[in-house]
């Protein structure tokens, strides 16, 4: 049973609904090979956002960072849309030398499951960070 307050439950449902309006291409999970602090992880995600704005013509990315139970390690979940975006994510991670390919999983996004299933269920944590990056052609 979830222990969220009514307000938090509503927030999660609204995020899930809003994110679910998009037809994402991939749901991705990134697990780092080293301990990556929340502060460093957030900086990495901001760098990734900048890279996508520079390198991809058309994209939308939603990321959410979670802490592991020991709070020394973080990992990310992403929703990805756009041609070449997945490739840029992989290149970025390879250049940073923070992952082993088997710890980066890209699965086709199944619209029927909804964004709540994939990412917005994690937003209730007080230690979570998240962000959204998109090219101008994806503004609704």
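In region 35-55, the residues that are within 24 Å of residue 84 (Cβ to Cβ) reach residues that are at pLDDT 90 or above and assigned to a helix (DSSP H, G or I) with C-beta atoms within less than 7 angstrom, at least six apart or across chains, in these pairs: 44/96; 48/89; 48/92; 51/88; 51/92; 52/85; 52/88; 55/88. Among the criteria (1) under 14 Å from the mean Cα position of the chain (by Cα); (2) part of a helix (DSSP H, G or I), the one residue 91 does not fulfil is (1).
Does residue 53 satisfy being under 15 Å from the mean Cα position of the chain (by Cα) and either at pLDDT 95 or above or not in a loop (DSSP other than H, G, I, E, B) (or both)? Criteria not met by residue 53.
Checking each residue in region 94-110 for being surrounded by fewer than 11 Cβ atoms within 10 Å (Cβ to Cβ) and part of a helix (DSSP H, G or I) picks out 95, 101, 102.
If you take the residues of region 23-38 that are in contact with a strand residue (DSSP E or B) (Cβ under 6 Å, 6 or more places away or on another chain) and within 8 Å of residue 73 (Cα to Cα), which of them is surrounded by the most Cβ atoms within 10 Å (Cβ to Cβ)? So the residue we want is 36. The C-beta contact set for region 118-140 (first residue closer than 20 Å to residue 81 by Cα, second residue at pLDDT below 70, distance under 8 angstrom, 6+ apart or interchain) comprises 130/123.
Here is a check on your reading of the model: is residue 47 in a helix (DSSP H, G or I) and surrounded by fewer than 19 Cβ atoms within 10 Å (Cβ to Cβ)? Give the derivation first.
Details: in a helix (DSSP H, G or I): yes; surrounded by fewer than 19 Cβ atoms within 10 Å (Cβ to Cβ): yes.
For residue 47, the condition - in a helix (DSSP H, G or I) and surrounded by fewer than 19 Cβ atoms within 10 Å (Cβ to Cβ) - is met.
Scan region 116-130 and give yes if some residue there is assigned to a strand (DSSP E or B), modelled with pLDDT of 90 or more and touching a helix residue (DSSP H, G or I) at 6+ places or on another chain (Cβ under 8 Å), otherwise no.
Of region 116-130, the ones assigned to a strand (DSSP E or B) are 129-130.
From what's left, modelled with pLDDT of 90 or more: none.
The answer is no; no qualifying residue exists.
The values are calculated or read from the model by the stated rules, or taken from the named source; none is laboratory data. Everything quoted here is computed from the prediction, not taken from an experiment. Backbone-built Cβ (ideal geometry, glycine too); neighbour counts: all protein chains shown.
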